[in-house]
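The values are calculated or read from the model by the stated rules, or taken from the named source; none is laboratory data. What you see is a predicted model, and the numbers here were worked out from it, not measured in a lab. Using ideal geometry, Cβ is built from the backbone for each residue, glycine included, and neighbour counts are taken over all protein chains shown. We work out accessible area using only protein heavy atoms, side chains counted, and drop any ligands, DNA or RNA first. Shrake-Rupley method; radii C 1.70, N 1.55, O 1.52, S 1.80 Å.
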Amino acid sequence: MIQGKNKEDISKKRIEKLVRQLELGENPDREGLVDTPSRMAEMYEEIFAGYRMNSGLDVTFSEYTDAIVAKDIQFYSMCEHHMLPFYGKIHIAYIPSSVSFDNTKLTYVVEKYARRLQIQERLTRQIADEIIGMGVKGVSVIVEAKHLCMKMRGVRNDSSIMTECNRGIMEQKQFREHAHSLIYTPAEPKLRSVL
């Protein structure tokens, strides 16, 4: 280990070196490419920040309701098979026990697991497992995503992939169907001013 350097500095330098070694038929010293290795190292630090994140689900309050639904949480992740992005939206419905989470923390849970090398099935399961692990009665997580590894290469298809994971009482059909109706019911249209 190099003295006086932290682990992140060493990792960034290694990434820069590896990117420069890619032989793609380009001159790595060309004006437009000369700073690309350092830009990629910075980008990797940002998009893979989930390995260092805490979701903060331990921040709770004692208000109670029958169910809480967070719809359309946007996410971006990187497929571990080809290191190409997949992205979309995540819906989370949970039935609290005696406490509820600060709702912004649900977004942090998504970020914690999405900002890693991932597959959609694992992402869905990890989110559900972390939330059920906090003592809620049940949780349903639905992920809708488009995969650039399917669109840019291979089958070259623009289809969406959906995955679902249910834990606790959400494994029971009646609770799951109720959660789905909350997730997929459109919001009321905004009232128009008469002025």
Open item on the list: If the elastic network links every pair of Cα atoms under 10 Å, which of 177, 121, 26 fluctuates the most in the Gaussian network model of the chain?
Closed with: 26
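For segment 56-150, which chymotrypsin sites (Phe, Trp or Tyr not before Pro) are both in a DSSP coil and crowded by at most 13 other Cβ atoms within 10 Å?
Answer by residue number: 64.
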Open item on the list: Helix 104-114 against the longest principal axis of the chain: what's the angle in degrees, Cα atoms only, rounded to the nearest 10?
Closed with: 40
Task: Accessible-area composition of the chain, carbon plus sulfur, in percent [1.4 Å probe] - done: 53
Task: C-alpha long axis of helix 7-21 to longest principal axis of the chain, angle in ° - done: 60
Open item on the list: Please report Rg (one decimal) and Dmax (integer) in Å for the Cα set of the chain.
Closed with: 20.9, 70
Open item on the list: Can you give the local net charge around residue 145? Use residues other than it whose beta-carbon is closer than 11 angstrom to its beta-carbon, Lys and Arg +1, Asp and Glu -1.
Closed with: 0
Open item on the list: What percent of all Cα-Cα pairs in segment 33-103 falls into each 5 Å bin, going from 0 up to the bin containing the maximum distance?
Closed with: 3, 12, 14, 18, 16, 12, 10, 7, 4, 2, 1, 0
Task: Mean separation of Cα contacts under 8 Å, 6 or more apart, over the residue count of segment 70-195: relative contact order % - done: 26
TODO: Can you tell me the 0 to 90 degree angle between the C-alpha axis of helix 173-184 and the longest principal axis of the chain, rounded to 10?
DONE: 70
Open item on the list: Please list, by residue number, every one of the trypsin sites (Lys or Arg not before Pro) in segment 145-181 that is coil in DSSP and has at most 16 other beta-carbon atoms within 10 Å.
Closed with: 153, 156
Task: Neighbourhood charge, 15 Å Cβ-Cβ cut-off, centred on residue 125 and excluding it, Lys, Arg +1 and Asp, Glu -1 - done: -2
- [ ] Specify the residue with the greatest mean-square fluctuation among 140, 160, 55, computed from a Gaussian network of the chain linking alpha-carbon atoms under 10 Å apart.
- [x] 160
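If you take every residue apart from residue 169 with its C-beta less than 12 Å away from the C-beta of residue 169, what net charge results, scoring Lys and Arg +1 and Asp and Glu -1?
Local net charge: +2.
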